[in-house]
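The values are calculated or read from the model by the stated rules, or taken from the named source; none is laboratory data. Source: prediction; values computed, not measured. Here Cβ is always computed from backbone atoms with ideal geometry, including for glycine, and neighbour counts include all displayed protein chains. What goes into the accessible areas is simple: the full protein's heavy atoms, side chains included, and nothing from ligands, DNA or RNA. Shrake-Rupley method; radii C 1.70, N 1.55, O 1.52, S 1.80 Å.
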Amino acid sequence: MRTHYCGQLDAGLTDQIVTLCGWAHRRRDHGGVIFIDLRDREGLAQVVCDPDRADMFATAESVRGEFVLRVTGKVRRRPAGTENANLASGEIEVLCHELEVLNPAITPPFQLDDENLSENVRLTHRVVDLRRPQMVKNLTLRYKVARAFRRFLDDAGFIDVETPMLTKSTPEGARDYLVPSRVHPGQFFALPQSPQLFKQLLMVAGYDRYYQITKCFRDEDLRADRQPEFTQVDIETSFMDEASITALMEEMIRTVFKDALDVDLPRPFPRMAYAEAMRRFGSDKPDLRVTLELTDVTDAVADVAFKVFSGPATSGGRVATLRIPGGASLSRGEIDGYTEFVKIYGAKGLAYIKVNDVTQLNETGLQSPIVKNLHEQALKTIMERTGAQNGDLIFFGADQTKVVNDALGALRIKIGHEKNYLNGKAWEPLWVVDFPMFEYDGEDKRWTACHHPFTSPKDGHEEFLQTDPGKCLAKAYDLALNGWEIGGGSVRIHKAEVQAKVFEALGIHEEEQRLKFGFLLDALRYGAPPHGGLAFGLDRIVTMMTGAESIRDVIAFPKTQRAQCLLTDAPSGVDEKQLRELHIRLRQKAETPVEAGKA
């Protein structure tokens, strides 16, 4: 029905007859000559309708926004001075010979160039929203990124293997989405949180280089970078160690950014141990564009009179600082605002010192209510470690280690971007390695897996599995970019006896092991090769490339932060017949104790 896309027209087609199909982006009547900006996924083309052709012109007069049109005409150069440098087709226009309305349209709920739309309106009318040029650009880039991943992996000898969407519920860190079985009453499938177990089984089966661009599902509280269903580039390989896996994946990410965005990422990516990242940045996915760093002063304040500091310092907590060069100029209102900000992360407050004269370690040289409670040696150590200069401001975090890291880590990012403490680089990738295998759950009084229970301990750390799990480091690695985790993985356990020890450390007894992971444990006994892999978040990567505020802007039909699809009104109720077929009865929530008793 057409010879070209609108956005593909250029001066090289001058005097040629073309046929275009698309939507009427806008219509302008200039005193007897009608201009229609015709839009398709590749862009816009200006169509000129002269009154010389009466039938065609009558049709043009009836056109309204979003009508679906078919246009045949001659390409000609625009008159001098009327070119549009913002359009690929801006040098030319199409003199219309034939105009057909393929389908009229009702008035859309909003103008496509309206930049002040609420997200709810956009998601409710997502079909119209997807016509906006920015959304077309986002989804086209997403396609290019996925294509670049596939090309690289195909060329590297990986094969695409599909894994099941209906699988067994296993503990992987978040709630499963459950699917009731009609054939087996009272039993449930789970939608996969990842293909983790299946890709390990594929390694045992001998498919030594696997990949899949696949949907994963997690029933968890949502944020700007999370969705109930998300897409990951899932990769697994055999007979490669941690260094060779990360080197190959690093080359892949460089290739994807070059192919899809024409960006050259640095070579090689820096590497940093998890412990160093947490100490310096309070985060395992630090944004290295921000030049601010945390400094630990726990030991320096262990014996001060200020209990807010000495308490955490002597009870296993952390006291850390964040120096803001020139920050003494911050107003009281700004400091109060930052104090409220860190409370989001569990901090009770935000102590600070304004450095007026670093040579005077007293209330004259250091402006703060807390100075009188800190002895001179503590103040001296703080000034030396932070490298404080006159005019600086030092923020303090003192609490449980996690609270301090979360609060000061987030404050570092906020101030860094708001006040331009940046190194000027557009992209800062970082491999974070040497993650701990386990973390201790104080409430349940047991060890839990930091990554997942199939991650291999580092060589020589197997002995800690039984003696001191807290010392055990993992062959795990995450790739961070500009403060986002875009991918993560590990070398897996390929020996059944090591896997059993990890389960033992996690308190997963043999009966539970058999119940939840018996198929994997059995497979490991059939000659499992050394293997490892990782997964990249496709949604997050494209979000970063487009500069979008949310991954919902790079997903065609996303869910809201309340896990709803406003377009289709899902989730929704189902009729009683469907529930009966699934052997499900809904519990009615009682409103009063009396009703509860009756129930």
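Of everything listed in (1) touching a helix residue (DSSP H, G or I) at 6+ places or on another chain (Cβ under 6 Å); (2) open to solvent by less than 20 Å² (accessible area, probe 1.4 Å); (3) not acidic (D, E), the single unmet condition for A60 is (1).
Please count how many residues of the range 509-540 are under 31 Å from the mean Cα position of the chain (by Cα) and hydrophobic (A, V, I, L, M, F, W, C). Qualifying residue count, the range 509-540: 6. Screening A148 against (1) within 17 Å of F536 (Cα to Cα); (2) open to solvent by less than 60 Å² (accessible area, probe 1.4 Å); (3) without any contact (Cβ under 8 Å) to a residue 60 or more places away in the chain leaves a single unmet condition, (3).
Annotation: of all residues in the range 247-261 being out of contact with any helix residue (DSSP H, G or I) (no Cβ under 6 Å at 6 or more places or on another chain) and charged (D, E, K, R), the one that is most open to solvent (accessible area, probe 1.4 Å) is K258. None of V308, V301, V297 is in contact with a strand residue (DSSP E or B) (Cβ under 7 Å, 6 or more places away or on another chain), open to solvent by 60 Å² or more (accessible area, probe 1.4 Å) and hydrophobic (A, V, I, L, M, F, W, C) except V308.
The residue that is farthest from the chain's Cα centre (by Cα), among those in the range 455-492 that are of a type in the set (D, E) and assigned to a strand (DSSP E or B), is D478. In the range 575-589, the residues that are free of Cβ contacts under 8 Å to residues at least 60 places away in the same chain form Cβ pairs under 8 Å with partners that are of a type in the set (A, V, I, L, M, F, W, C) and part of a helix (DSSP H, G or I), at six or more places apart or across chains, as follows: R585/L579; L586/L579. Screening D264 with (1) in contact with a helix residue (DSSP H, G or I) (Cβ under 9 Å, 6 or more places away or on another chain); (2) surrounded by 14 or more Cβ atoms within 10 Å (Cβ to Cβ); (3) among the acidic types (D, E) gives one miss only, at (2). Applying the condition of being of a type in the set (A, V, I, L, M) and in a loop (DSSP other than H, G, I, E, B) to the range 529-563 and asking which residue is surrounded by the most Cβ atoms within 10 Å (Cβ to Cβ) yields I555. Taking the range 341-359 as the search range and keeping residues that are over 17 Å from E418 (Cβ atoms) and β-branched (V, I, T), which one is most open to solvent (accessible area, probe 1.4 Å)? Looking at the filtered set, the residue picked out is T359.
Selection over the range 112-123 of residues that are open to solvent by 60 Å² or more (accessible area, probe 1.4 Å) and either touching a Gly at 6+ places or on another chain (Cβ under 7 Å) or in contact (Cβ under 8 Å) with a residue 24 or more places away in the chain (or both) gives a count of 2. For the range 401-432, residues that are of a type in the set (S, T, Y) and out of contact with any Lys or Arg (no Cβ under 6 Å at 6 or more places or on another chain) total 1.
Within the span defined as the range 406-420, one or more residues are in a loop (DSSP other than H, G, I, E, B) and free of Cβ contacts under 8 Å to residues at least 60 places away in the same chain. Only one of (1) over 26 Å from P228 (Cα atoms); (2) open to solvent by less than 80 Å² (accessible area, probe 1.4 Å) fails for K577. Which number is that? Of (1) over 26 Å from P228 (Cα atoms); (2) open to solvent by less than 80 Å² (accessible area, probe 1.4 Å), only one is false for K577: (2).
Contact list please: Cβ distance under 6 Å, first residue in the range 509-524 and closer than 18 Å to M203 by Cβ, second residue open to solvent by less than 20 Å² (accessible area, probe 1.4 Å) and modelled with pLDDT of 85 or more, pairs at least six apart or on different chains. Here the result reads L520/L197, each pair linking the range 509-524 to a residue that is open to solvent by less than 20 Å² (accessible area, probe 1.4 Å) and modelled with pLDDT of 85 or more. Residue count for the range 440-455 satisfying the condition of being surrounded by 14 or more Cβ atoms within 10 Å (Cβ to Cβ), in contact with a Ser or Thr (Cβ under 6 Å, 6 or more places away or on another chain) and at pLDDT below 90: 1.
State whether one or more residues within the range 499-514 are outside any strand (DSSP E or B), aromatic (F, W, Y) and open to solvent by 10 Å² or more (accessible area, probe 1.4 Å). No, the range 499-514 has no match at all. Selection within the range 311-329: residues that are in a loop (DSSP other than H, G, I, E, B) and in contact (Cβ under 8 Å) with a residue 24 or more places away in the chain. The member of this set that is most open to solvent (accessible area, probe 1.4 Å) is G316.
The lone criterion from (1) closer than 19 Å to F435 by Cβ; (2) open to solvent by 10 Å² or more (accessible area, probe 1.4 Å); (3) polar (S, T, N, Q); (4) in contact (Cβ under 8 Å) with a residue 40 or more places away in the chain left unmet by S244 is number (4). Filtering F517, F503 for residues that are out of contact with any strand residue (DSSP E or B) (no Cβ under 8 Å at 6 or more places or on another chain) and closer than 22 Å to I235 by Cβ leaves a single hit, F517.
Looking at the range 139-238, the strands (runs of 3 or more DSSP E) lying wholly inside it that each contain 1 or more residues that are of a type in the set (S, T, N, Q) and in contact with a Leu (Cβ under 6 Å, 6 or more places away or on another chain) sit at 229-238. Among the residues of the range 404-431, which ones are out of contact with any Leu (no Cβ under 7 Å at 6 or more places or on another chain), surrounded by 19 or more Cβ atoms within 10 Å (Cβ to Cβ) and either modelled with pLDDT under 95 or more than 13 Å from D287 (Cβ to Cβ) (or both)? Matches in the range 404-431: V404, N405, D406, A407. Inspection of the range 63-75 identifies at least one residue that is over 27 Å from T107 (Cβ atoms) and open to solvent by 60 Å² or more (accessible area, probe 1.4 Å). Among residues belonging to the range 12-42 that are among the small types (G, A, S) and open to solvent by 20 Å² or more (accessible area, probe 1.4 Å), point out the one that is nearest to the chain's Cα centre (by Cα). Among residues in the range 12-42 that are among the small types (G, A, S) and open to solvent by 20 Å² or more (accessible area, probe 1.4 Å), the one nearest to the chain's Cα centre (by Cα) is G12. Among residues of the range 86-104 that are under 10 Å from L69 (Cα atoms) and free of Cβ contacts under 8 Å to residues at least 40 places away in the same chain, those with a Cβ under 6 angstrom from a residue that is of a type in the set (A, V, I, L, M, F, W, C) and open to solvent by less than 50 Å² (accessible area, probe 1.4 Å), sequence gap 6+ or separate chain, pair up as N103/V68.
Put simply, of E276, E162, E236, E220 the only residue that is buried (at least 19 other Cβ atoms within 10 Å of the Cβ) and more than 17 Å from I541 (Cα to Cα) is E236.
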